[in-house]
Structures are given as C-alpha cells and as structure tokens.
1. On a full-extension model of 0.36 nm per residue, what is the gain between A:Asn39 and A:Arg252, subtracting their alpha-carbon distance, rounded to one decimal in nm?
2. Between B:Asp97 and B:Phe334, how high is the FRET efficiency from 1/(1 + (r/R0)^6) when r is the Cβ-Cβ distance and R₀ = 35 Å? Nearest 0.05.
3. Per residue, how many Å² of accessible area does segment A:63-114 show with a 1.4 Å probe?
4. Based on the Kirkwood radius over alpha-carbon pairs, what value in µm²/s does the Stokes-Einstein equation return for the translational diffusion coefficient of segment A:141-191 at 25 °C and 0.890 mPa s?
5. Please list, in chain and number order, the residues 5+ apart from A:Val291 or on another chain whose amide H is under 5 Å from its amide H, with Hs placed from the backbone.
6. Measure out, as a whole number of angstrom, how far apart the alpha-carbon centroids of segment A:192-220 and segment B:306-320 sit.
7. Using a 7 Å offset from Cα along Cα-Cβ at A:Thr111, what residues in segment A:135-154 end up with backbone N under 15 Å from the label point?
8. Averaging sequence separations of C-alpha pairs under 8 Å and six or more residues apart, then dividing by the length of chain B, give the relative contact order as a whole percent.
Amino acid sequence: MTDALVCQDLTKRFGRHLAVDSISFTIERGEAYGLLGPNGAGKTTTISMLSGLLRPDAGSVHIAGHALTQDPRAAKARIGYVPQEIALYPELTGRENLRYFGRLYGLPRRTLQNRIAEVLDLVGLTDRADDKVGDYSGGMKRRINIGAALLHEPTLLVLDEPTVGVDPQSRNAILEGVDQLVAAGMSLLYTSHYMEEVERVCKRVGIIDKGRLVAEGTKRELVSRLGTSDRVELVLDGDITAAAEKLRAVDRVTEAVPTGTSSVRLLAEGSRHLLPSFIAAVEGVATITGVEITEPDLEAAFLHLTGSTLRD
Amino acid sequence: MLRALLVVSGHELRSRLRDGTALLIALVAPVALASLFGLALGGEDPPLRASIGIVDLDGGDFPTSVRREALATEELQDVLTLRDYADEEQAGAAVDDGEIGAAIVFPPGFSDSVGAGEGGEVTVLTSDSTPLAGVIANSMVDQISALVEARTLAVRASLDAGVPADEVRLFVEENGAAGPTLTLDADPMAGGKVDVAVHYASGMAVLFAYLVVATSTRSLLTDRQLGTLSRLRVAPVPQWTPVVGKGIVGFLLAMTSVCVTWASSVLFFGLSWGDPLAVLVLCGAHVLAATAITMLVASNARTDAQADGYNLGIAFVSGILGGSLVPLYNLPEFLQTLALFTPNGWTSTGLASLAAGGDLGSVVGPIGVVCLIAVVAGGLAALRFRKGLLG
Ligand SMILES: Nc1ncnc2c1ncn2[C@@H]1O[C@H](COP(=O)(O)OP(=O)(O)O)[C@@H](O)[C@H]1O
Ligand SMILES: [Mg+2]
C-alpha cells in the first residue's frame, strides 16, 4: 500500500520570511506522526500546504498515492483536515454543521446520515446534536470541530494543535478520541507545542524549528541522541543570564538556557556528580536554591537539537 | 462539480432566508419605498396646480386667443393659472422665485409677422423644480408652433397664388378674431406623472439590487472569519465553488427583489415599465453588474463589516449619481457625466426609454455597457480572489 502522506521539499515564503524551508517527511498507513515545535515554527503553514489551503512555493505532496497538484480531487478526498481554530457555523446545530460539511464530500444521503450518527457518538455529542453550536462549551466545539473532518472516513487525519485553549477534562476527552482513531488504524498527523501530547499520541516525531525539520524519529531515537544526558533544572537567586553563561562553560554541560525569571535549564552528562561544579560556576552572580534532575525525554531532546526551550 | 455548487448554493440560500434583515432589504424595503412614491405620484387628480406666466410684447390677437383657448380647455380649467408680466426679465424672476412654474414670451410684432406669412417664435422659460408646469407650457408652445407653421404656409400659398396682400391680411385678421384653435393633449400632466412614478419604483429596484446581492457576496468574508471557508477549500470540490455558489444565490435573490418591486408597481399602481422581456434582460444585466461589483468589494475587504460599509457607500453613491433617487435631468451637468460610470445610470436611462415605449432593440446600448461593467469588475475580482481568498 502507498504511504498515507509523502511530502517532499515543501517550501513557503511570506515576503522575505522563509516560513517553511524545504521540509520532507513520510507518514505510513496507520502511523501516528507528530510535528513538534514552538509557536511560529511553521507547523500550520506546513499543514496548510499539504491539505491544499496554501500553494507551496516549491515541493510536492502525495496523499495515499495521489499528487495534490495533479489530482487535487482524489488527494483531498482522502484528507480530513481539522483547523487550528474552530471552524463551524454557530447559528447551525451540530448535526446541521456535520451534514453540510459531509455533503461537500459527496456522501450519499443514507451513508451520510449513518456517518453523522457514528461521528456524533465518537465525539460524545449525540445528545447535544440538535443544539446550536454557538451554545456549545469550548471543549464541545473542539470535539465537533474534529468530528467534521471524519465524516468521509479519510485515510489521513490532520490535526493542528487540537487542544489549545481547552480545559484539562476536554483535552483528555480529545486525546482519548484520537487514541481510539489511531487504534482503529487511521493515519494521523498531529501538530502541537505540547511535548506530553505528542509523546502520548504519536509513535514517530518530527521536530520543527524556524521552518526546518531539524530531527525525526521515534521518541526513543530522538532521546538517545542525547547520549546519557540528563535535563537539569536549577533554581537560582541572582543574575540568571550571567549564571547560564557560566554554567554553559562547565565541562560536560551541552546546553544551558534561562527559563522564566529564576531558573536555568541545562543538559549535562552525569549531572549528579556535577553539582559541586555548578555551585562553583555561579558563584558571585547567583546562588543555587533548588535542583531538579529528570531522565532524558523529548523536551530534553528538543533543547539539545534547537538550543531553545519549547515553551517559556 | 454541479453537485458541489448545489450544496454550497443551497446552504447560502437557506442562510439568507433565515436572515430577517436580508429579507427586509430584498423584499420589504424596495416595495415599501416604491409604493410610497406610487401613492405620492399616482391617483386620479393632479395634485399640483400649475401657474404659467404670459409676457405679451405683441399686443395682437394671437396671444389673446392662446390665452382664451388654454383656459377653455376642459382638463386645464381647474389646474392652470395664467399671470401677466410686463417683460421677459420680470417673468424670469418670477420663475426663479417659484411664483410661476413656466412662462411664455410673445415677441413684439408676433401676430403681424405670422399674419404676413413670415412665421414667428415664442420663448419659453421653465424651471427644473416645477416639471409639471414645464410640461403644460411646452405642450402649449408645441401647439402654437404648429399653428404658426400652418398659418405661415397658408399665407404664403395665398400670396403665391396672386391674392393681394391687403386681402390676405384682412382675411387673417377676421379669422384671427375667432382665434386659432388651440388643442392640448387630453391630460398633459398624466404622462409626466406616470414617468416619475415608474422612475422612482425602478430606481428603488435598481438601488436595492446592490444591497441584496451584497448580503451573499459579503458572506464569503463571514465564512473566512468563521474558518468555514477553509473547510470548503480543503474539500474535493473545484476551487471556485464558494465564490460561484454564493454569487448565483446573490444574483437570484436580487432578481427576485427587482421582480417583486416591479410586480408591485404594476399590480398596485397600474404602472407599466414597458416591454417585459426588455425590462427583464436589462435588469438581469444590472444585477449581474451588481454581483460583479460586490464580488470585487469582497475580494478586497478584510472583514464582512468592512465590505458592508463599502457596499452601502457604492450602492448609494451610484444610486444618486445614476439617477435611482433623483431623476438625472435634475442633476448638474458634471454629475450627469459621472452617471455614465455607474450601472445605475445606464439601467435607469434604459428603463426610462422602455417606459416611454421602447423595445429591446432600443436598449441594446445600455445593456451592452452594463454587461461590460460586469465583465471588468468580475475579471478584477477573479484576479484578486486568486491571490487572496482562494490563494
Ligand atoms: N499569512 C502569513 N503571512 C505572513 N507570515 C505568515 C503567515 N502565516 C504564517 N506566517 C509566519 O510564518 C511563520 C510560521 O507560522 P505558522 O506556520 O503559523 O507557525 P506555527 O503553526 O508553528 O505556530 C511565523 O513566523 C508566522 O508569523
Ligand atoms: Mg499554528
């Protein structure tokens, strides 16, 4: 079977700003792929290009073997696109919204009726189906927003930061729904700047930063690039910028960046034995008031690969 | 492809029909306004009196008999008041002051000149603010001209036949005492009134066509703001589906609005807009141009609210310039020139000539120009859409 998605050398400029710089990746059938990167990294731009919303300046996209530019109808029929923002008619009911978007995919009336019932069930909105979407809570809107992309049973579901601005309970409901879809064999492209979500949902992860795909692999592969480095969080009292500078110079420390107003995050091998060196290094500019050491994770991998933190 | 268009158009139509404001703009407002004008300008009795000034510098029997005949005309007895002025200057001032609506000036020696077979001309002073008096005065002058012409020919013929000049003169004076028979149109004001009522009704139809079609074309921007346009654009449908689907609905709703206004002025006020086929084709061209222009607005505006502002401005400016509100002949010259740049100007001109009895052939020019405006605006909109909304 052909891959669910193949994109090659996708590039997009906005004026002089290179938003997406020659990105290539492949998603196999049934695979859940995560695109992880901070705000402004180019995730939405990439997704817009591969779902046909934005014309790439260069590069190609194939969905389930169909070239998006040569055979847009066939390619688009196999994608389910979930926009980052809620995209529904507030004055229509949930069911009416689903019916309209389903009809755009040419589903026969009977099939569509059944699919609407299934999708409403999946997103847990069967009993609110005939209420206006405008009256839904934020979490309910998010769920039906995803549902609207599932009616035509796409090969590849594309989710652009589906949990942004959602309360923890709804977020959990969404993630469970997504897990369910993946378990049922749907191919998935999931973007987020939340490490934990990508770790949970996706088998393979691409790390995107400043428009470039800087690394790609399973979580284990990415973390193993760190060697045996730990992620260390130092809480400091004093000039943390100067402290980060000094810490970076310590032997076997690979990264040190200030986070917030009173802490520095760093990557180091054998950090437990380095504590005395840390204390000595910051002497005169700051004092260490707390230490937290975590085993290597994606967050650490991101720090290692891009030299910056995923979130402030 | 047709299926996708039907889905989008069906949705658009349902949204518009749910929208009370849109229905108000499409059906209630133009019919109500057209009816208001119909009531004000229709009815049996002429609502206005006409005062016409006479400046008799001639002193002969011709002006006397014109005066007598005009006041004896049954239809004008209760309507017409004649006033005398000493010279043209005084009469002109009276017209400007609104004291009289129009004036007829007989030059010195007018009767003698006509009697001698040398013809003669009277001067008419009219004012745009009292078109009805102008209509009557011109109707009187038309009759005077015809009489003058007939009499001049008769005298010439008599002289050519060798009748001595003195005898001819005597004959003319005898007949002149009986006066020239002056017949006026049965109701010279009726034509003017009907024209004005049709003008206002069709003007409203033409003006509101913009506002109606705009409610559909601007909804492209609403869809963009809601994000739902993205869903349309990722669906396996032709790229132009949203634009064409909404454009069709806007066009049909605006045509419905125009036709309902038209039908109400025919049914309730017995007005005729002229050859129905020609009216339909001309209005179709106008609505097409309105669709294209509001699409051009949608392709350039950032939000639907901004598009509303532009559309309202364009509708009223081209409505005023194009004579949908005030008849064009009441506007200053330079504004009449600007009317040539609005579809309303051409449509109103075309509708006026249809109301006056013209057929499809007589409005081919206006239809052509309005279609050209539609093509240009539509082409520019398409270019903008390719770069923006659908880019
Ligand atoms: N329509 C646009 N015009 C200009 N710049 C844009 C546009 N869309 C995105 N960008 C820029 O491109 C970069 C990538 O944006 P985006 O793909 O939205 O990032 P992400 O989704 O990862 O947060 C950002 O710097 C953003 O400011
Ligand atoms: Mg984004």
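1. Contour length minus the Cα-Cα distance gives 73.7 nm.
2. 0.85
3. 46
4. For these conditions, the coefficient is 219 µm²/s.
5. Result for A:Val291 returns A:Val235.
6. Here the answer is 50 Å between Cα centres.
7. A:150-154
8. 19
The values are calculated or read from the model by the stated rules, or taken from the named source; none is laboratory data. What you see is a predicted model; the values in this text were computed from it and never measured. Backbone-built Cβ (ideal geometry, glycine too); neighbour counts: all protein chains shown. SASA here: full protein model, heavy atoms, side chains in, ligands and nucleic acids out. Shrake-Rupley method; radii C 1.70, N 1.55, O 1.52, S 1.80 Å.
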